[in-house]
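Rule-based calculations on the coordinates, nothing more; no lab input. This is a predicted model, so every value here is computed, not measured. Ideal geometry is used to build each Cβ from the backbone, glycine not excepted, and the neighbour counts take in all protein chains shown.
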Amino acid sequence: MAETQRDKRIRALALYASLERALYSLDELLDNQCASYGLSRSQYRVLEHLFLYGAMATGALAGRILFSESTISVVTRNLAKLGLLFRGDDESDGRKAIVHLTDEGKNLAGEILKRAKVLRAKMCVLGKHEQEHLDRLCRKLAQGDAVKFMMEITLEDGVEG
């Protein structure tokens, strides 16, 4: 028997709920770890990214960690107040701010990453191939065209608009 659009929708919602539960459990671990250092998850993500990839323009950083320009501005300003990073001007484009970790910021980010054992253990429940497959699926999902899909199922259902 062919799968109906209703079945597809139900399966999609069930998958969404599964993804949400998995993300919630990981976020809860990360939030607890961040709180033990007096950081928010947003602050941690900025520190981690700068630690792993080096200094970069705030706009590029915002795009890479999926923050708005206003959010990245507030988070980097607060981290600068804590002495964990500093904002400098881009020599080639004075309109851009480049954020760099201070030595204190590098030390803290390095310590946090070393202590992320529980989070790593949670992710290692999946084997290497499963992790790679999940990564591909998540990228595909993130890049998927939901509007196109909605148009297709609406046409298949014979429903307008």
**Proxy reagent accessibility, fewest Cβ within 10 Å first, across Tyr24, Tyr37** = Tyr24, Tyr37
**Prompt:** Of the lysine pairs in region 19-125, how many meet both conditions: Cα atoms under 21 Å apart, and a spacing of 8 or more in sequence or different chains?
**Reply:** 5
**Message:** So if I average 1/r over every pair of distinct C-alpha atoms in the chain and take the inverse, what Kirkwood radius in Å does that give?
**Reply:** 18.7 Å
**Request:** Calculate the radius of gyration of the Cα atoms of region 1-72 to one decimal place, then report Dmax, the largest Cα-Cα distance, as a whole number, both in Å.
**Result:** 17.8, 55
**Message:** Under the 0.36 nm per residue contour assumption, what length would be gained going from the current alpha-carbon distance of Ala121 and Arg6 to full extension?
**Reply:** 37.7 nm
**Fill in**
The set of residues whose placed amide H lies less than 5 Å from the amide H of Met56, leaving out same-chain residues fewer than 5 positions away, is Val99
**Message:** If exposed means no more than 14 neighbouring beta carbons inside 10 Å and the site is in a DSSP loop, what's the longest run of the chain without any exposed trypsin sites (Lys or Arg not before Pro)?
**Reply:** 1-94
**Request:** Evaluate region 64-144: find the radius of gyration of its Cα atoms, find its Kirkwood radius, and give the ratio Rg to Rh.
**Result:** 1.09
**Request:** For each of Val46, Val74, Val99, count neighbouring Cβ atoms within 10 Å of the residue's Cβ, then give the residues from fewest to most.
**Result:** Val74, Val99, Val46
**Complete:** For the chain the mean separation of alpha carbon contacts under 8 Å (6+ apart) over residue count, i.e. relative contact order in percent, is 20 percent
**Request:** Measure nothing but the geometry: give the 0 to 90° angle between the long axis through the Cα atoms of 69-81 and the longest principal axis through the Cα atoms of the chain, rounded to 10°.
**Result:** 30 degrees
**10 Å Cβ shell holding at most 13 others, DSSP loop, GluC sites (Glu not before Pro): longest site-free stretch of the chain** = 4-90
